[in-house]
Amino acid sequence: MVNFISKSEKQTIETGLKISTLVKAGTVIAFIGDLAAGKTTIIKGIAKGLGVNRDVESPTFTLVNEYYGNLKIYHMDCYRENNIEGWLEIGIEDYFYGDGVSLVEWADRIEELLPEDVIKISIQHDMEHINYRKFSISSTPEREQNIKKLLKLK
Ligand SMILES: Nc1ncnc2c1ncn2[C@@H]1O[C@H](COP(=O)(O)OP(=O)(O)O)[C@@H](O)[C@H]1O
Ligand SMILES: [Mg+2]
């Protein structure tokens, strides 16, 4: 588990930029956290790092936003549609096991569909500081080591 605090929106975007350097074809990142935790904000950084120029927003009218950067990026939000069958019909497994990158907000709502090889990023508000966010990242030991190095954490 990698734990750290981001003290501003800017720092969260920069964290996303750094994490983007670890993203490869087929990477699935699950984002977990309440409303306004910063899930979309860190995704903005990751997408920017992957060469996406357009605005990145949570999918609202569609369930999946597609962006084209160095890789194809699928940005999904499971807040409204949290029905497992519904996501299977949409073909979520084709996204997860294909050549694109899947960035999934509210991923805890479809936990059972997540691939075994996933990067989980949990974000929590800090009760004392309005702009602080507590991040916990879990993945394989190797990835966690790489993330620690990238973020210059011990
Ligand atoms: N350290 C921080 N990291 C990320 N967002 C922050 C931070 N501090 C304040 N914010 C604000 O919190 C909100 C996060 O919104 P957003 O990323 O859309 O959340 P979510 O997608 O989790 O609902 C934004 O309004 C952002 O400006
Ligand atoms: Mg969001």
Restricting attention to region 105-116, does a residue exist that is modelled with pLDDT of 95 or more, over 16 Å from I19 (Cα atoms) and among the small types (G, A, S)?
yes
Taking F61 as the residue in question, decide whether it is more than 16 Å from ligand 2 (Cβ to nearest atom) and more than 22 Å from R133 (Cβ to Cβ).
no
Regarding V56, is this residue in a loop (DSSP other than H, G, I, E, B), at pLDDT 95 or above and either within 19 Å of I147 (Cα to Cα) or within 13 Å of ligand 2 (Cβ to nearest atom) (or both)?
yes
What's the number of the only condition in (1) hydroxyl-bearing (S, T, Y); (2) outside any helix (DSSP H, G or I); (3) at pLDDT 95 or above that T40 fails to meet?
(2)
Can you report the number of residues in region 124-152 which are surrounded by fewer than 12 Cβ atoms within 10 Å (Cβ to Cβ), of a type in the set (A, V, I, L, M) and closer than 15 Å to M1 by Cβ?
0
Restricting to region 49-101, and then to whatever is touching a residue at least 60 places away in the same chain (Cβ under 8 Å), surrounded by 14 or more Cβ atoms within 10 Å (Cβ to Cβ) and not small (G, A, S), can you tell me which residue is nearest to ligand 1 (Cβ to nearest atom)?
V101
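The values are calculated or read from the model by the stated rules, or taken from the named source; none is laboratory data. If you're wondering where the values come from, they're calculated on a predicted model, not measured in any experiment. As a convention, Cβ positions derive from the backbone with ideal geometry for all residues, glycine included, and neighbour counts pool all protein chains shown.
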